[in-house]
1. What pairs come out if I take residues in region 143-165 that are part of a helix (DSSP H, G or I) and pair them with residues that are surrounded by 15 or more Cβ atoms within 10 Å (Cβ to Cβ) and of a type in the set (Lys, Arg) whose C-beta lies under 8 Å away, six or more apart or interchain?
2. Going by the structure shown, is Gly66 small (Gly, Ala, Ser), under 13 Å from the mean Cα position of the chain (by Cα) and in a helix (DSSP H, G or I)?
3. What single numbered condition from (1) within 17 Å of Val25 (Cβ to Cβ); (2) of a type in the set (A, V, I, L, M, F, W, C); (3) surrounded by fewer than 24 Cβ atoms within 10 Å (Cβ to Cβ) fails to hold for Leu80?
4. Give all pairs with beta carbons closer than 6 Å in which a residue from region 31-46 that is part of a loop (DSSP other than H, G, I, E, B) meets a residue that is of a type outside the set (Ser, Thr, Tyr); count only pairs at least 6 apart in sequence or on separate chains.
5. Can you tell me which residues in region 168-181 are over 23 Å from Asp139 (Cα atoms) and not β-branched (Val, Ile, Thr)?
6. Working only within region 1-39, note down all residues that are open to solvent by less than 60 Å² (accessible area, probe 1.4 Å) and more than 14 Å from Leu69 (Cα to Cα).
7. Kindly indicate the residue of region 139-149 that is modelled with pLDDT of 95 or more and of a type outside the set (S, T, N, Q) and also farthest from Gly70 (Cα to Cα) among those meeting that condition.
8. Out of all the residues in region 168-184, which are in contact with a helix residue (DSSP H, G or I) (Cβ under 9 Å, 6 or more places away or on another chain) and closer than 20 Å to Phe5 by Cβ?
Amino acid sequence: MILYFHGFDATSPGNHEKMRQLKFVDPDVRLISYSTAHPKYDMQQLLHDVARETQHVEKNGVIAVGVGLGGFWAERIGFLSGIRSVLINPNLNPEDNMIGRIDRPEEYADIEDKCVSEFRQKNAGKSLCILSRQDEVQDNSQTERILAPFYPVLWDEEQPHKFPSLGTYLPVIRAFLHGQLPAI
């Protein structure tokens, strides 16, 4: 099972297309949706939604996949829910880089402060990160510096921030779903 966390642009047709592509990895792909209006409320709702979706399945057969802001959520909710995650161009600091685009950006900083201390160390090896060198929204070299000590990082040379084509990475995501970390 794949739990797909959309990015900031929740209504983009690209989300449906990415979910269709992910069905080549696992036919059971489920959208985990959230708003950007109330991040603290969203976190509680996301935890509830993931618990509901995974209550009757073996968690080692589930991964969370998130793009952009969805990567922020996939990493944290995956960790707190005991499932692995794939982070695609994750927005690690929405409280800094989305001011004026989201309501209550300061709540993201509060969520980071209240998350388990040193959670990335405790989550080491349980996330996979795919970054675009052509990301027009954020500097992924900074993302790599933050995440590489804890997770494998793969670089894509062509995709933009929203990462419309997952095709090249579907075999890697499939292997990760089955517990295999990519060799870097």
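The values are calculated or read from the model by the stated rules, or taken from the named source; none is laboratory data. Fair warning: this is a prediction, and the values are worked out from it, not measured in the lab. Note that each Cβ is placed from the backbone with ideal geometry, even for glycine, and that neighbours are counted across all protein chains shown. Just so you know, the surface numbers come from the protein's heavy atoms only, side chains and all, with ligands and any DNA or RNA stripped out. Shrake-Rupley method; radii C 1.70, N 1.55, O 1.52, S 1.80 Å.
1. As it stands, the answer is Leu147/Arg120, since those pairs meet every condition given.
2. no
3. (1)
4. From region 31-46, the pairs are Tyr34/Asp42; Tyr34/Leu46; Thr36/Ile102; Ala37/Asp103.
5. Correct list: Leu170, Pro171, Arg174, Ala175, Phe176, Leu177, His178, Gly179, Gln180, Leu181.
6. Answer for region 1-39, where residues must be open to solvent by less than 60 Å² (accessible area, probe 1.4 Å) and more than 14 Å from Leu69 (Cα to Cα): Met1, Ile2, Leu3, Gly14, Lys18, Met19, Gln21, Leu22, Val25, Asp26, Asp28, Val29.
7. By that ranking, first place goes to Pro149.
8. Those that are in contact with a helix residue (DSSP H, G or I) (Cβ under 9 Å, 6 or more places away or on another chain) and closer than 20 Å to Phe5 by Cβ: Leu170, Ile173, Leu177.
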